[in-house]
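One structure below.
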Amino acid sequence: SQKSSFILIIGFALLGGLILNLMPCVLPVISLKVLSLVSHNNETIGIIRLNFIATALGIIFSFLLLGIGLISLKIAGSTIGWGIQFQYPWFIVGLTLIVIFFSFNLWGIFELRLPGWLNDLVYNFGTINKNQLSFGNNFLIGAFATILATPCSAPFLGTAIGFALAGSIIDIIIIFSALGVGMALPYFIIVVFPTLATKLPKPGVWMITVKRSLSIALLATAIWLLSILKLQIGIKVTLIVAAIVFLIGFVLKIKTSQKETFGLPKTGVIIASILAAFWVPYNLAPHNTPIKNLNKSYWQEFDPEAIPKLVQQGKTVFVDITAEWCITCKVNKATVLGREEFQNLVTNNKIIAMQGDWTRPNEKITQYLRRFNRFGIPFNSVYGPENIGGQVLPELLTTDAVRRSLKKASSGKLVF
């Protein structure tokens, strides 16, 4: 029934949100959370609960904001989808700045000291005394984890989001709330069993090493974001943005005084640099530069109009919709699509392998995904004489699953 199907989709959303915690996009943020807890491991059970609740609420609130944002775009008639904000240079620049600030802070380049009233409002919101972990900080960690989760598509996630975005406003709110609860589930477990958090190792010198390792991981994330920007706006303009980002780090490193981290001139330079980082991509970048991103020679450009004709000729077609910002796509490439086994399977059987790049907005790809009620990537499908309409594969590929689908679509004519 329709009711039982909807309950199943909610289950998929909960499971997909939970699995997001294991994705490489989110792990650095979870590490930050654990590190902040270890540095305050003398806290009481009540305070541990409070701060894990804060992180969980930050996650759920952010998923609700994502849902509301997508509802607004849907009502306005704009393109909607999971992770599509990564198609826009302004978002990449903004996220790069956030990640790099985290990295600089963990390396010890600067310490952010806000004015007393603002510190009380943000950093000590929800706490009883200055020695407690900050409710506001932990809420923001949850929000940051959600932002970094959006280029990842976990198993079950695509089905849940596709159902939500194709449904009503209420469907979107319920499914995105379930996604948030699923991702926040590990934090709720700590809330129920707070003694688990107290079993972490005691603070020590090892934390400096962990902090620097996390700083390097976040720096690598920033470099990855800049590599996406390179495809969108070109290498020269991206290098200008990168130079501005590292100029900010240099300015942050300069001590204003013994008591202050920021003085007026220094703050002015940082604000001007941040504004410049957003201004440069839209005013210096060449427009409509094509993305040449086919991974191997056996890939052809994605052409959905050609697929029915190829199938009528008895051909088997494998479609891969990918993007530079899609972490799960890169996992599929490393484990299946970029390996020699897959290449041999394609070339030996004369399979038509099509690849479409969704790094930037592409209406042809968007409309194609909507045919299958999908609003996110990775997306892989197989066509053949026995599967004219196309079979959609799971988000995470395995070589065996690809083989089985290709064999079924080609009437079992493949050579292994």
Q | Within region 402-416, considering residues that are surrounded by 14 or more Cβ atoms within 10 Å (Cβ to Cβ), of a type in the set (Gly, Ala, Ser) and modelled with pLDDT under 90, the one farthest from residue 368 (Cα to Cα) | A | 410
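Considering only region 373-402, how many residues are without any contact (Cβ under 8 Å) to a residue 40 or more places away in the chain and either of a type in the set (Ser, Thr, Tyr) or in a loop (DSSP other than H, G, I, E, B) (or both)?
Within region 373-402, residues that are without any contact (Cβ under 8 Å) to a residue 40 or more places away in the chain and either of a type in the set (Ser, Thr, Tyr) or in a loop (DSSP other than H, G, I, E, B) (or both) number 2.
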Q) Can we say residue 86 is under 17 Å from residue 326 (Cα atoms), in a helix (DSSP H, G or I) and free of Cβ contacts under 8 Å to residues at least 24 places away in the same chain? A) no
Q: Provide a single number: the residues in region 300-334 that are open to solvent by 70 Å² or more (accessible area, probe 1.4 Å) and over 16 Å from residue 391 (Cβ atoms).
A: 8
Q: Kindly indicate which of 274, 248, 244, 270 is open to solvent by less than 50 Å² (accessible area, probe 1.4 Å), modelled with pLDDT of 85 or more, over 25 Å from the mean Cα position of the chain (by Cα) and not small (Gly, Ala, Ser).
A: 270
Q) Among (1) closer than 25 Å to residue 248 by Cβ; (2) at pLDDT below 50, which single condition is residue 102 missing? A) (2)
Q) at pLDDT 90 or above and in a loop (DSSP other than H, G, I, E, B) - does that describe any residue in region 334-347? A) no
Q.
Looking at region 353-401 only, could you name the residues that are open to solvent by 20 Å² or more (accessible area, probe 1.4 Å) and of a type in the set (Ser, Thr, Tyr)?
A. 398, 399
Q. Of all residues in region 56-89, which are of a type outside the set (Gly, Ala, Ser), at pLDDT below 90 and either within 17 Å of residue 148 (Cβ to Cβ) or in contact with a Cys (Cβ under 9 Å, 6 or more places away or on another chain) (or both)?
A. 66, 82, 84, 85, 86, 87, 88
Q: Answer with yes or no whether residue 224 is hydrophobic (A, V, I, L, M, F, W, C), modelled with pLDDT under 75, out of contact with any Ser or Thr (no Cβ under 9 Å at 6 or more places or on another chain) and at negative phi.
A: no
**Q.** When residues of region 348-362 are limited to those that are modelled with pLDDT of 90 or more and more than 19 Å from residue 391 (Cα to Cα), the one farthest from the chain's Cα centre (by Cα)
**A.** 357
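The values are calculated or read from the model by the stated rules, or taken from the named source; none is laboratory data. Values in this document were obtained by computation on a predicted structure and should not be read as measured data. As a convention, Cβ positions derive from the backbone with ideal geometry for all residues, glycine included, and neighbour counts pool all protein chains shown. Protein only, heavy atoms only, side chains kept; ligands, DNA and RNA dropped before computing areas. Shrake-Rupley method; radii C 1.70, N 1.55, O 1.52, S 1.80 Å.
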